[in-house]
Amino acid sequence: MDTASASLPEHLRRHSGPRDPGDAWVEGAAGKFWGRFGSAGLLVQDPAKGILLQHRATWSHHGGTWGLPGGALHQGEDAIAGALREAHEEAAVPPGNVHVLFTSVFDVGYWSYTTVAVRVLESFEPAINDPESIELTWVPADSVEERELHPAFATAWPELWRRLSQHRH
């Protein structure tokens, strides 16, 4: 165990080995991606607060950038369930307190990432529940691009925001 995680409470320590068979890299012609069964992230919009962003731990892939809570899917897990599980594990997003608006899939053939866009039903405060986050914060949608975003999220954000804007209540 590294010294950074040794100072964390047991339930927040990064495990040294795979916790689930899905927690592994896959490689192919399009590159190397996390999640043997694909990955998913939750794009959380609170109309009163903005978009929930996760400042990614420095040890993670593209560490130090901002993105969405999410991660590797478990075997047999659908993307919506996986995104809700990961966002709850990483950011304490209450799965019963969001309404799914749409999904957006990035697929390279041997791996895919699904963004699950949700609207919060009742405002809540996110909480860091594991060592994968430096910070969690609500950011006004028109300020998201001002952050140093995870490269894949930066590419996807304009279209995600366009689609999210179509779902105003």
message = Over the Cα atoms of the chain, each weighted equally, I'd like the Debye log10 I(q)/I(0) at q = 0.08 Å⁻¹, rounded to two decimals.
response = -0.22
message = Probe of 1.4 angstrom, ligands and nucleic acids ignored: what's the accessible area per residue over the chain, in square angstrom?
response = 52 Å²
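Which longest run of the chain has no exposed loop site in it, a site being chymotrypsin sites (Phe, Trp or Tyr not before Pro) in a DSSP loop with at most 13 other beta carbons within 10 Å, and the site itself not part of the run? All intermediate terms of the calculation are to be shown ahead of the outcome.
On the way: sites that count: TRP59, TYR110.
In short, 111-169.
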task = Taking 7 Å along the Cα-to-C-beta vector as the label spot, tell me the ASN97-ALA127 distance in nanometres, rounded to one decimal.
result = 1.0 nm
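The values are calculated or read from the model by the stated rules, or taken from the named source; none is laboratory data. The structure presented is a predicted model; accordingly, all values stated were derived computationally and were not measured. No Cβ is skipped: glycine too gets one built from the backbone with ideal geometry, and neighbour counts run over all protein chains shown. Side chains included, ligands, DNA and RNA excluded: accessible areas come from the protein's heavy atoms. Shrake-Rupley method; radii C 1.70, N 1.55, O 1.52, S 1.80 Å.
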